[in-house]
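Okay, structure first, notes after.
Quick note: the coordinates plus some simple rules give every number you see, no bench work behind them. This structure is a prediction, so every number in the text was calculated from the model and none was measured. Ideal geometry is used to build each Cβ from the backbone, glycine not excepted, and the neighbour counts take in all protein chains shown.
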Amino acid sequence: MADQRAKSMLLDIRNLRIEATVFPPGEAPKNIVLVHDVSLTLEKGKVLGLIGESGAGKSTIGLASMGYGRGGVRITGGEVILNGRDILKGGKEGFRKLRGREVCYVAQSAAAAFNPAHRLMDQVVEATLLHGTA
């Protein structure tokens, strides 16, 4: 039964911890915890929604599922297992091969995700061309 469940698992985030460094004026830099001990699973063919207040970490967790940490944010603990492998152990080359081929992120606001100055189809196809999957 456990083996069958593992085969149907698409994403398994375990004990995720995400931190950032802040630079308060006149003080030494400080590390702060943004996400602490978050675990979730997503089975193949299922849908998962992250719900919370503004600033609760939904987008930060979503980006972490691809190994991203924006603007000084970094994953400092836990595992992000996608299709049976921990993507955090693949390094930069592993992320490059993963993003756009196996997983992608679309921001909750299309206006934030796409540039209206460029044709939509050009922007959609760009990732596949950059990652050699076209």
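Expressed per residue, the C-alpha convex hull volume of segment 2-89 stands at 100 Å³. Normalised by the number of residues in the chain, what is the relative contact order in percent for Cα pairs under 8 Å and 6+ residues apart? So the answer I get is 25 percent.
If you run the Gaussian network model on the chain, springs between alpha carbon atoms under 10 Å, then out of N83, N31, N115 the most flexible one is N115. Loop-resident trypsin sites (Lys or Arg not before Pro) (DSSP state other than H, G, I, E or B) in segment 41-127 with no more than 15 further Cβ atoms inside 10 Å of their Cβ: K44, K46, R70, R101, R119. At most 11 other C-beta atoms within 10 Å and a DSSP loop state: those are the exposed GluC sites (Glu not before Pro) I care about. Give me the longest piece of the chain that has none. Longest run free of exposed loop sites: 54-134.
Counted by neighbouring Cβ atoms within 10 Å, the residues D86, D12 run from fewest to most as D86, D12. Mind giving me the FRET efficiency for R85 and T128? R0 is 25 Å, r the Cβ-Cβ distance, nearest 0.05 is fine. Computed FRET efficiency for R85 and T128 comes out at 0.70.
Taking neighbour counts of Cβ atoms within 10 Å as a proxy for exposure, in what order, fewest first, do S39, S59, S65, S54 appear? Mind showing how you got there, number by number?
Details: S39 11, S59 16, S65 19, S54 5.
Listing S39, S59, S65, S54 from fewest to most nearby Cβ atoms yields S54, S39, S59, S65.
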